[in-house]
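The values are calculated or read from the model by the stated rules, or taken from the named source; none is laboratory data. Since we're looking at a predicted model, the values are computed, not measured. Neighbour counts run over all protein chains shown; Cβ positions are idealised from the backbone, glycine included. For the accessible areas, the whole protein counts, side chains as well, though only heavy atoms, and no ligand, DNA or RNA atoms are used. Shrake-Rupley method; radii C 1.70, N 1.55, O 1.52, S 1.80 Å.
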Amino acid sequence: MAEFTMDLNDEQKEVRGWLHGFAADVIRPAAAEWDEREETPWPVIQEAAKIGIYSLDFYAQQFFDPTGLGIPMAMEELFWGDAGIALSIVGTGLAAVGVLANGTEEQIGTWIPQMYGDANDVKVAAFCSSEPDAGSDVASMRTRAVYDAAKDEWVLNGTKTWATNGGIANVHVVVAVVDPELGSKGHASFIVPPNTPGLSQGQKFKKHGIRASHTAEVVLEDVRVPGSCLLGGKDKLDERMARARERAKAGGGERVKNAAMATFEASRPAVGAMAVGTARAAYEEALEYAKTRTQFGRPIIDNQGVAFQLADMRTQIDAARLLVWRASWMATTGKKFESAEGSMSKLFASETAKKVTGQAIQILGGNGFTREYPVERMHRDAAIYTIFEGTSEIQRLVIARTLSGMPVR
């Protein structure tokens, strides 16, 4: 088991430098343009594919880093470049992880390559889980999947929302209800192949931030997919649901819910790392501005009011990173989240990003309020971190219930 350390090894430092260079040289120069266009930055994704960043292999290497720091390190550097473009680059990974976690070897080998395409013809994928009435409350999901035994096909109907790459994806991974009586244990995930009839893009959202990342509704109207598109296969699904029914009869439903919550706990530090990257970028812009902007004959960093703000910003960023690294290390090494450490890292990092980017605007004054300077965009982007992958309120609820010993629902 890897010991927790804050010292990156030589390989990690090399990867971090490589990612930082790409973020500085490719992502940042394109950030303002694609934010204004509110379109998927296909040329940037293609550049990422050419050098191997936009690929399952790269993320797998970081995921299996025995220290647990590969993914948070990568997320911080890419999102330091720009949150919207970075999310366009990493968004496909959500769907890929869904297939890796639940799919058979054949499904993994068939569908994940189609999610990414290649450097000459890049593709994206979408993971579709949230619904208009089912965000944090996944038990309220209404999208249904009904098995047609005569044709060995599943028929999907419903509407998904807030889907990154929704509607423009080559491959969609859709979570649907198979047995409503089992709550979240009656859900299953399905691959919807390219050009499947009945799947369409609904509303494309015009967002406050991360505008280079495509977010839309996905409408499913009598979408038929082969039985082979049920992730894990029908035998595995039937066995899982049978166990869930037995547990429900035995009063073990709460344990099942807590097991599902543990999965979310392990994924939340990655979002925290994204927030750290955005906060760090805004802090660095504010620090450089404070050093070079003069008022009353001296740099404004000489004013205690500005200097103390910068001191607080740096302290909060470092604290957020430490929480993220601790939770990531715990998840990788199998340490139990006894105090909801995953939610702690996401909560503190996301709130830090909102606060630090706001302080950066204040330090830049009127300039910070204009789109001539990037901190305005960073502040808009930072707002998403306290919302997706569980709102700050949900994180506090999880932490509070964990500390009190109450069931986490």
Seminar exercise, completed: With every protein chain in place, the accessible area of GLU106 for a 1.4 Å probe, in Å² rounded to the nearest 10, comes to 140
For this session: Could you do me a favour and compute the accessible area per residue for the chain, 1.4 Å probe, result in Å²?
Result: 46
Exercise. Full extension from GLU288 to GLU105: what is 0.36 nm times the residue separation minus their Cα-Cα distance, to one decimal in nm?
Worked result: 60.9 nm
For this session: For the chain, build the charge dipole from Cβ charges (+1 Lys, Arg; -1 Asp, Glu) around the Cα centre, then report which of LEU403, VAL174, PHE22 sits farthest towards its positive end.
Result: LEU403
Exercise. Which percent of Cα-Cα pairs in the chain sits in each 20 Å bin, short to long?
Worked result: 26, 57, 16, 1, 0
Exercise. What shape does region 330-409 take by its C-alpha gyration tensor, where a ≥ b ≥ c are the square roots of the eigenvalues and a/c under 1.5 counts as rounded, a/b above b/c as prolate, and the rest as oblate?
Worked result: prolate
Seminar exercise, completed: The local net charge around PRO41, scoring Lys/Arg +1 and Asp/Glu -1 for residues other than PRO41 whose Cβ lies under 10 Å from its Cβ, equals -4
Seminar exercise, completed: Residue separation between LYS249 and MET6 times 0.36 nm, minus their alpha-carbon distance, gives in nm 82.8 nm
Problem set entry | Sites ARG298 and PHE369 - FRET efficiency at Förster radius 22 Å, r taken between beta-carbons, to 0.05 | 0.40
For this session: Between ASP133 and ASN195, with labels modelled 7 Å along Cα→Cβ, what's the label distance in nm to one decimal, could you check?
Result: 3.6
Problem set entry | Label point distance in nm, ALA24-GLU393, each placed 7 Å from Cα along Cα→Cβ | 4.2
For this session: Add +1 for every Lys or Arg and -1 for every Asp or Glu among the other residues with Cβ under 9 Å from the Cβ of ARG142, and state the total.
Result: -1
For this session: At 7 Å along the Cα-to-beta-carbon direction for both GLU221 and GLU33, put a label point, then send me their distance in nm to one decimal.
Result: 3.7
For this session: Please report how many Lys pairs in region 107-255 have alpha carbons closer than 15 angstrom, counting only residues at least 8 apart along the chain or sitting on separate chains.
Result: 5
For this session: Calculate what fraction, in whole %, of the accessible area of the chain sits on carbon and sulfur atoms when a 1.4 Å probe is rolled over the protein chains.
Result: 53
Exercise. Relative to the first principal axis of the alpha-carbon coordinates of the chain, what is the inclination of helix 28-37, with its axis defined by its Cα atoms, in degrees from 0 to 90 and to the nearest 10?
Worked result: 60
Seminar exercise, completed: For region 1-98, listing chymotrypsin sites (Phe, Trp or Tyr not before Pro) in a DSSP loop whose Cβ sees at most 12 other Cβ atoms within 10 Å gives PHE64
For this session: Considering only protein heavy atoms, with the full assembly of protein chains and a 1.4 angstrom probe, order ASP121, ASP35 by accessible area, largest first.
Result: ASP121, ASP35
Exercise. Which shape class applies to region 58-168: rounded if a/c is under 1.5, otherwise prolate when a/b exceeds b/c and oblate if not, where a ≥ b ≥ c are the square roots of the Cα gyration tensor eigenvalues?
Worked result: prolate
Problem set entry | Tail fraction, Cα-Cα pairs, region 131-204, threshold 20 Å, whole percent | 30
Exercise. Going by alpha carbons, how many degrees (0 to 90, nearest 10) lie between the helix axis of 105-116 and the longest principal axis of the chain?
Worked result: 40
Problem set entry | Cα gyration tensor shape of region 49-95, rounded if a/c is under 1.5, else prolate or oblate by comparing a/b with b/c | oblate
For this session: Using only Cα atoms, find the angle between the long axis of helix 234-249 and the longest principal axis of the chain, and express it within 0 to 90 degrees, rounded to the nearest 10.
Result: 90
Problem set entry | Area accessible to solvent at GLU3, 1.4 Å probe radius, in Å² | 140
For this session: Name the most mobile residue of ARG37, ARG280, ARG16, meaning the one with the largest mean-square fluctuation, in a Gaussian network model of the chain with Cα contacts below 10 Å.
Result: ARG37
